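Q: This is the structure I want to talk about, given as structure tokens.
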Number of protein chains: 2
Amino acid sequence: MRILTHPSRDGLQIDTVLAALADPVRLMIVKQLANADAAQACVSFDLPVSKSTSTHHFRVLREAGLIEQQYCGTSINSTLRREDLDRRFPGLLQAVLNAS
Amino acid sequence: MRILTHPSRDGLQIDTVLAALADPVRLMIVKQLANADAAQACVSFDLPVSKSTSTHHFRVLREAGLIEQQYCGTSINSTLRREDLDRRFPGLLQAVLNAS
DNA sequence: ACGGTACTACGACGCATTTCGTAGTACGTT
DNA sequence: AACGTACTACGAAATGCGTCGTAGTACCGT
């Protein structure tokens, strides 16, 4: 329960990334992260689902390589992997964030 | 069996578009369409699934607004809705096509 | 040590999606 | 009219996904 694994930048797959973004709840998370200046604890997100469902979605995002999560006390701080995403799939993140 | 309905450009939803792109078979179709100079009949696609499954995926793409399909004899010619997509979600299609 | 907070693991349920085969329709050709 | 081609509709099976509750772990504060 101490180490969270993340895929490397070169390991990001377009299929996985698109699938991760294709869920409305996860899209909310990504948008809230994009608008945040600092890292956010999971608990600070405003999501219309239960705690365990949140955990599930954060895990999907992390395993797809969209966010980075690290422990900080009892919390987990999440950040958007902007730079890695922009390098690997230029324009993708911005296009999704601009939408709607 | 004559008229195929397509969503309007303003009716395109980012969730639906991303979900449509998140399937490997459908991504193949989109890529093959992007590389084609002219409209393609469904039969000319090289896909690792059965005929009825192809029909299903083409329908999903059409209903998401990614492709346009029109009857042409016994065939259906499909084209990518590049312009509509670029207007509605600038940069998205290109980013996906560039990936991998 | 105790309690509280933040998150996870697990199992379960319901629903959507992917897949296919079969049967059928529409159209062109002979 | 008869046939072949291209695609669709429908139903069925398998799989996957989103959702949740419960029980549990890890950490911090008192």
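The values are calculated or read from the model by the stated rules, or taken from the named source; none is laboratory data. Quantities reported herein were computed from a predicted structural model and do not represent experimental measurements. Glycine gets a Cβ as well: all are built from the backbone with ideal geometry, and neighbour counts include every protein chain shown.
Q: Can you tell me which residues in the stretch A:82-92 are in contact (Cβ under 8 Å) with a residue 40 or more places away in the chain and either of a type in the set (Asp, Glu) or buried (at least 19 other Cβ atoms within 10 Å of the Cβ) (or both)?
A: A:ASP84, A:LEU85, A:ARG88, A:PHE89, A:LEU92
Q: Could you tell me how many of the residues in the stretch A:78-94 are outside any loop (DSSP other than H, G, I, E, B) and either on the phi > 0 side of the Ramachandran plot or modelled with pLDDT under 95 (or both)?
A: Number of matching residues: 0.
Q: Identify all residues within the stretch B:11-54 that are more than 13 Å from DNA strand C (Cβ to nearest atom), assigned to a helix (DSSP H, G or I) and of a type in the set (D, E, K, R); write none if there are none.
A: B:LYS31
Q: Is the stretch B:46-55 home to any residue that is buried (at least 16 other Cβ atoms within 10 Å of the Cβ) and in contact with a Phe, Trp or Tyr (Cβ under 8 Å, 6 or more places away or on another chain)?
A: yes
Q: Return the only residue of B:THR79, B:THR53, B:THR74 being within 17 Å of B:ARG26 (Cα to Cα) and either within 14 Å of chain A (Cβ to nearest Cβ) or near DNA strand D (Cβ under 9 Å from one of its atoms) (or both).
A: Result of the check over B:THR79, B:THR53, B:THR74: B:THR53.
Q: Exactly one condition in (1) within 25 Å of A:ARG9 (Cβ to Cβ); (2) exposed (fewer than 13 other Cβ atoms within 10 Å of the Cβ); (3) near DNA strand C (Cβ under 7 Å from one of its atoms) is not met by A:CYS72; state its number.
A: Result: A:CYS72 fails condition (3) only.
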